[in-house]
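The values are calculated or read from the model by the stated rules, or taken from the named source; none is laboratory data. Note that the structure is a prediction, hence the values are computed from the model and not measured. Here the Cβ positions follow ideal geometry from the backbone for every residue, glycine too, while neighbour counts run over all protein chains shown.
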Ligand code: ADP
Ligand code: MG
């Protein structure tokens with residue numbers, strides 16, 4: 001008998017392999033994210049960070065291994081997959097808001113469609129979330145009328161509107177102008193402190209040091225080392241991590 005769900009990590013990645021053609025992009029990945037834990041994934045471009053995130057949300061299929069969310073094997077398709085996606089929020093580098101819908105509609109759409117929340121309830125909750133991320137004043141605008149930092153905060157609110165069990169954020173600040181990075185990191189730090197379980201691909205040391213419980217370093221499709229942020233940044237063990245840090249610090 002397997003352990004009851006509540007005793008298992010919220011995210012369990014077990015022996016996952018993924019190929020694009022002959023290119024082996026995820027190599028025997030094992031990774032747990034505990035409830036309330038904030039895990040940062042860092043590593044060189046092309047090391048498989050996005051593919052790992054996308055696999056956890058099943059935006060990519062995997063070739064072998066298992067991924068469990070809250071004790072449940074990631075479903076292949078259909079209603080179970082739609083339900084799973086509502087439990088695993090995802091925020092992308094490029095915001096991915098619906099361009100022809102208002103900020104408010106972007107946040108209410110999925111709760112109404114997937115969770116069958118009433119329009120009034122969805123709107124009330126959306127306004128609370130937009131207030132939380134500091135963009136309530138822009139609720140009736142289209143995404144293009146907002147700055148990049150504001151759009152990314154809307155994307156975070158949209159993700160939270162589904163009450164996900166975990167949020168995956170894939171380089172959420174790397175498409176932003178420097179002056180907008182902190183407003184998004186501040187929202188992420190608040191989210192982390194509120195107890196949200198988060199897997200974040202980011203090279204932002206400030207966020208790592210303030211909010212992360214653990215840093216996972218990936219290189220060439222594999223997890224090379226993991227450690228608490230202070231330890232990883234001051235005493236990386238592997239040559240690959242040392243080399244990577246020497247380039248970004
Ligand atoms: P990272 O996010 O760490 O930069 P990715 O997960 O995006 O890395 O990519 C890992 C490797 O997989 C890279 O070599 C990339 O070129 C390749 N790759 C990613 N997506 C695809 C795809 N859809 N088709 C083919 N190769 C891909
Ligand atoms: Mg990437």
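Would you check if there is a residue in the range 183-194 being touching a residue at least 60 places away in the same chain (Cβ under 8 Å) and not in a loop (DSSP other than H, G, I, E, B)?
Yes: one or more hits.
Please count how many residues of the range 30-44 are under 17 Å from the mean Cα position of the chain (by Cα) and within 15 Å of ligand 2 (Cβ to nearest atom).
4
So that you can scan it fast, the table gives a plain yes or no per residue for (1) free of Cβ contacts under 8 Å to residues at least 40 places away in the same chain; (2) more than 16 Å from ligand 2 (Cβ to nearest atom):
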{"residue": "47", "(1), (2)": "no, no"}
{"residue": "52", "(1), (2)": "no, no"}
{"residue": "57", "(1), (2)": "no, no"}
{"residue": "67", "(1), (2)": "no, yes"}
{"residue": "70", "(1), (2)": "no, yes"}
{"residue": "76", "(1), (2)": "yes, yes"}
{"residue": "79", "(1), (2)": "yes, yes"}
{"residue": "85", "(1), (2)": "yes, yes"}
{"residue": "90", "(1), (2)": "no, no"}
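Only one of 190, 204, 179 is modelled with pLDDT under 95 and either surrounded by fewer than 22 Cβ atoms within 10 Å (Cβ to Cβ) or more than 16 Å from ligand 1 (Cβ to nearest atom) (or both); which?
Answer to the selection: 179.
Select from the range 214-237 the residues that are under 20 Å from residue 30 (Cα atoms) and surrounded by fewer than 16 Cβ atoms within 10 Å (Cβ to Cβ) and write down the one among them that is nearest to ligand 2 (Cβ to nearest atom).
Here the answer is 220.
Restricting attention to strands (runs of 3 or more DSSP E) lying wholly within the range 1-91, give those where 3 or more residues are in contact with a strand residue (DSSP E or B) (Cβ under 7 Å, 6 or more places away or on another chain) and within 16 Å of ligand 1 (Cβ to nearest atom). Outline the logic, then answer.
Details: elements: 11-20, 23-33, 38-42, 64-69, 88-91.
By residue number, 11-20, 23-33, 38-42.
Restricting attention to the range 91-109, report how many residues are under 17 Å from residue 129 (Cα atoms) and modelled with pLDDT under 95.
Result for the range 91-109: 1.
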